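Following: one structure in structure tokens, then a few remarks.
The values are calculated or read from the model by the stated rules, or taken from the named source; none is laboratory data. Keep in mind that this is a model prediction, so the values were computed, not measured. Every residue, glycine as well, gets a Cβ built from its backbone with ideal geometry; the counts of neighbours run over all protein chains shown. Accessible surface areas use protein heavy atoms only, side chains included; no ligands, DNA or RNA. Shrake-Rupley method; radii C 1.70, N 1.55, O 1.52, S 1.80 Å.
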Amino acid sequence: MNFESVLDRIPCHLPDDECWEYQGPLDHCGYGTYENDEGQARKAHRLMFERCCETLAVGEIVRHTCDNPSCCNPHHLLKGTQLDNMRDCIERGRFPDRAGEKNGRAKLTQQLVQDIRKVASSGMWSYGLLAQLFGTPKSTIVNVLKERT
């Protein structure tokens, strides 16, 4: 697909301060996609940036100032690195907090961790007995008590 075909799917008639959302297929993250002449999937916003702004070097990415992945408005696009992109994500509050119980792989609740520490503080329980008591591996008990978890 050539640039003109991709451009046909972008509402460039909208004002510069509005998002020009790609009207073609979107990937699972919401980015506009098209197939190049070699049949490879490409991102529409990258093509728009390279045609309207500047060429990207290896390792450079296109960031959205509007946080709208389907936007192809060159006034909303910036060149940067993945580190810049992650900083944007954190600064704008889009980075999900997955600490503690919010982590999908968490096995312990905050209450359970407090209970383990309280019982262990008596000094009467070994790591192995605490593991049996709370139904967790001994390594988990060690990590909780050494405040690694």
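Listed values, structure above:
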| quantity | calculated |
| --- | --- |
| Eligible lysines near Lys118 by straight Cα distance, threshold 16 Å, same-chain separation 8 or greater | Lys146 |
| Potential extension, Ile61-Lys107 segment - 0.36 nm per residue separation minus Cα distance | 12.9 nm |
| Förster-model FRET efficiency, 25 Å R0, Asn143 and Asp97, C-beta, rounded to 0.05 | 0.75 |
| Whole-percent carbon and sulfur share, accessible surface of the chain, 1.4 Å | 49 percent |
| Degrees, to the nearest 10: 82-91 long Cα axis against longest axis of the chain | 70 degrees |
| Thr136, Thr65, ranked by accessible area, largest first (probe 1.4 Å) | Thr65, Thr136 |
| His45, His28, ranked by accessible area, largest first (probe 1.4 Å) | His28, His45 |
| Cα gyration tensor shape of the chain, rounded if a/c is under 1.5, else prolate or oblate by comparing a/b with b/c | prolate |
| Simple label model, 7 Å out from Cα along Cβ direction - Asp17 to Gln114, nm | 4.8 nm |
| Accessible area expressed per residue, region 3-149, with surrounding protein chains retained (probe 1.4 Å, Å²) | 66 Å² |
| Accessible-area order (highest first, 1.4 angstrom probe) of the listed residues Leu133, Leu7 | Leu133, Leu7 |
| Heavy atoms of Glu101: accessible area, 1.4 Å probe, square angstrom to 10 | 110 Å² |
| Partner aspartates and glutamates for Lys138 [C-alpha distance under 16 Å; skip if fewer than 8 residues away on the same chain] | Asp115, Glu147 |
| Whether region 1-82 is rounded, prolate or oblate, judged on the alpha carbon gyration tensor where a/c under 1.5 counts as rounded | rounded |
